[in-house]
Amino acid sequence: MRERGAQIQRILWASTSTKNPAYSDVMYVEHLIGPYTVQTMAPVTVEAYRDHGQPRPNTVEEGLEEATAVLQRLEEVGISYAEVTTKLQQEGVRLFEESYLSALQRIADRRRHLIAASERRGSFLGVYGQDIERTIEELVTAKAVERVWQRDASFWSDDPARQRSIAQRLGWLTVVDWVRDRLDELIDFRQQVRERRFAHAVLLGMGGSSLAPEVFQRVLGNDVEHPELIVLDTTNPDTIRRVRERVNLARTLVIVSSKSGTTIETSSLAAYWLAELERELGDRAGNHLVVITDPGTPLEAWALSHQAWRIFLNPPDIGGRYSALSYFGLVPASVIGLSVEALLDRVTPMIERLHRTNAENPGLWLGAALATLAQLGRDKVTFFLEPAVAPFGDWLEQLLAESTGKQGTGLIPIVHEPHLPPEQYGPDRVFVGIDLALQPYQPTEALLKAAETLGHPILRTQLWNLWELGAEMLRWEFATAIAGRVLGIDPFDEPDVQASKERTAALLEHYRHAGELIRAAIAFTDGPLAVAGTETTDLRSALTELFSRIGSSGYFALLAFVDPNSAVLDRLHTIRQLLAERLRVATTLGIGPRYLHSIGQLYKGGPDTGVFLQIVSEPEHDLPIPGEPYTFRTLFLAQADGDFAALSERRRPVLQITLRGDPVAALERLEQELVVTATR
């Protein structure tokens, strides 16, 4: 073979130092000399052989007959040479592997430590630095970190009733340990989903029941042998119909997710999709259902009655927006084939850091910075996100808005806003940059540096890789809890969310009895646009009057009850950019009814600085809701009008414009008028 060009495979004798002091210190060197062999020796062995070694050629072949006889005698007394060498090889490889992995882990931990430290050094606090340091000192004196981990509800309120409520919302602090005890169950479930070869998983849920799974799908993606996750968090029949036409129910898993088990959107969607499964699959319908809820809810009973394939009961002491690392986030993650183990492994070091009782605690530092800046007028938390983690912004929006937007205060999250020239940003902004440590996104970095030059505070976060998403979620949950204490509010309730629900329920109750939906009174129409909520008689005057209500520290919110197809979303983003450039205030864009379970709490309970334009696109199609007298179209429009009424009753500046006919054409007409009127 050598004559044909084959390379000789050289034997390498490793670790030829002598361990037993009774043997010659050059024994293994002298007896393993041979052609085409390589030896590795420690420096001390090299020096020993140089001093008193006795070189002889090809010693590796000496005494072969004697060696063979010794091995034969060992076999006769029950000692297997093959077994011994195999065990030594396995143990040797294991020890080398452990040593190698330990070295990698130490390097990774050190790098993470350096990244964490650089976040504070890389952040720019400007003139606000001393105020933030003072807040941190006060929190340290109050033993904030210790009291949070001790689940001390008095940390947030002196009221006994409020304390009892808070105490029932702190399970997120220890949910990782709870999940680890059930990790084998999730891994087994993941394998079962893989074996059933589903093509799609349709998740029916709102807010905290759907946002984390959506982030996992859009950031980390589904494994090639697991289904793609489609989140359905709307009552718009056009959207529902499009998803229904996209999937093959025989290869679709339907996940019904609701903490309370009574959310009207989820219950309505569950009834519709169960009917579709039964029509398509008959008595096998339940075998395509997975339910996630709290123990004892109506949804659990529904799942049992319809023989759902799997029912996952979550700890009841976790609020929806704090549930990313519970069953609500990790069951869908398992469905799409993600390694829940990998997510949780990255969380463990974060938990250790979040126990630190000083500014080295990343959650303490972040929460103190955000809340202090908000109290000093910088309450528009504007996220600049690396594109790979951009979907994370939707989860952050709900966490901050619903947790802090109450009692007239709060952090106002600004996500996915079109970038403006740095000089156009107002003095009410704080910028949060979230990037990948090993691959910084230069356009975002350039914009942050420009904003820093103009004196805007900059808070930086760097992820080591995308699998640190779960750890970052926990960090922001902790920071939000800290910010709630500084702002003087309960970060675990949502007192104003109910307002829209009650008005929607009243409209639906009237429909039950009268068979008609009472819509908001139309003031006038302008082609495809029907306008409500104004005493003016033309569109230009109505918009001009609305824009006049925007204050210097205000924000403008687009509330779009639409079918969010790509054409409609493109037009809405264009309108948002136009408004941001012309009005020079922070802007938000919420898709209804999804936003009702996210930033909707802040719109009604937060700072009274928002001005609202609600856009309602009347659905082209309709679908029945099994068991109800009303349809999805009726429910969708009732939710829009219910939220419009709730904002109006709180005297929030709000204008409703209903789009009739082609929604894209109607939005183009609206945009034409905004070009003229959008100014301050």
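Please treat every number below as a calculation from the coordinates, not as lab data. Since the model is a prediction, treat every value here as computed from it, not as a measurement. Glycine gets a Cβ as well: all are built from the backbone with ideal geometry, and neighbour counts include every protein chain shown.
Between Ala167 and Thr37, what length comes free when the chain is fully extended (0.36 nm per residue of separation minus the Cα-Cα distance, one decimal in nm)?
39.9 nm
For q values of 0.21, 0.24, 0.28, 0.30 Å⁻¹, compute log₁₀ I(q)/I(0) with the Debye formula on a Cα-only model of the stretch 11-62, without solvent.
Relative scattering, expressed as log10 I(q)/I(0), comes to -0.72, -0.94, -1.22, -1.33.
Would you mind checking which residues have amide H under 5 Å from Gly592's amide H? H placed 1.01 Å from N; only 5 or more apart, or other chain.
Ala560, Phe561, Val562
Given contacts defined as C-alpha pairs under 8 Å and at least six residues apart, what's the relative contact order of the stretch 355-512, whole-number percent?
This gives 32 percent for the stretch 355-512.
Treat the stretch 463-595 as a sphere of radius equal to its Kirkwood radius over Cα pairs and apply Stokes-Einstein at 10 °C in a medium of 1.306 mPa s; give the translational diffusion coefficient in µm²/s, rounded to a whole number.
The Stokes-Einstein estimate is 83 µm²/s.
Determine, for Ser648, Ser305, Ser123, Ser257, the number of other Cβ atoms within 10 Å of each Cβ, and report the residues in order from fewest to most.
Ser305, Ser648, Ser123, Ser257
For the stretch 497-677, what size does the Cα cloud have along each of its three principal axes, sorted from largest down, in whole Å?
Ordered largest first, the stretch 497-677 gives principal extents of 48, 34, 31 Å.
What is the total of Lys pairs in the chain with C-alpha atoms under 23 Å apart, excluding same-chain pairs fewer than 8 positions apart?
Lysine pairs meeting the criterion: 10.
Mind jotting down the distance between the C-alpha centroids of the stretch 178-208 and the stretch 610-646, whole Å?
Here the answer is 32 Å between Cα centres.
Take Lys87 and Gln150, extend 7 Å from each Cα along the Cα→Cβ direction, and tell me the distance between the two endpoints in nm.
Output for this residue pair reads 5.2 nm.
Please work out the Cα center distance from the stretch 347-415 to the stretch 494-551, rounded to the nearest Å.
Answer, in whole Å: 33.
Before anything else, pin down the relative contact order of the chain: Cα pairs under 8 Å, at least 6 apart, normalised by residue count, whole percent.
Answer for the chain is 14 percent.
Applying the Karplus parametrisation 6.51 cos²θ - 1.76 cosθ + 1.60 with θ = phi - 60° to the phi angles of the stretch 472-478, what ³J(HN,Hα) value in whole Hz is obtained for each residue in order, glycine and proline being reported as x?
5, 4, 5, 4, 5, 4, 5
For the stretch 375-500, state the semi-axes of the equivalent ellipsoid (square roots of 5 times the eigenvalues of the alpha-carbon gyration tensor), sorted largest first and rounded to whole angstrom.
With the √(5λ) rule applied to the stretch 375-500, the semi-axes are 25, 19, 12 Å.
So for the stretch 497-677, averaging the separation of alpha carbon pairs under 8 Å that are six or more residues apart and normalising by length, what relative contact order in percent results?
33 percent
Given the peptides 175-181, 482-488, 52-58, arrange them by the average over their residues of other C-beta atoms within 10 Å, most packed first.
Ranking the peptides 175-181, 482-488, 52-58 by packing returns 482-488, 175-181, 52-58.
Of all the C-alpha pairs in the stretch 175-338, what % are more than 25 Å from each other?
Beyond 25 Å sits 21 percent of the P(r) for the stretch 175-338.
Given the chain, what whole percent of its Cα pairs are spread farther than 51 Å?
Of all Cα-Cα pairs in the chain, 25 percent lie more than 51 Å apart.
For labels at Arg56 and Asn20 in the simple 7 Å Cα→Cβ model, what's the distance in nm?
1.9 nm
With the dipole of the chain worked out from charges on the C-beta (+1 for Lys and Arg, -1 for Asp and Glu) around the Cα centre, which of Pro626, Thr453, Ile489 lies farthest toward the positive end?
The residue sitting most towards the positive pole is Thr453.
How do 513-520, 651-658, 570-577 rank on mean C-beta neighbours within 10 Å, highest first?
Ranked by mean Cβ neighbours within 10 Å, highest first: 651-658, 570-577, 513-520.
Nearest 10 degrees is fine. How inclined is helix 129-141 to the longest principal axis of the chain, computing both from alpha carbons?
70 degrees
Mind pulling the per residue volume of the convex hull built on the Cα atoms of the stretch 20-174? Å³ is fine.
For the stretch 20-174, the hull spanned by Cα atoms encloses 311 Å³ per residue.
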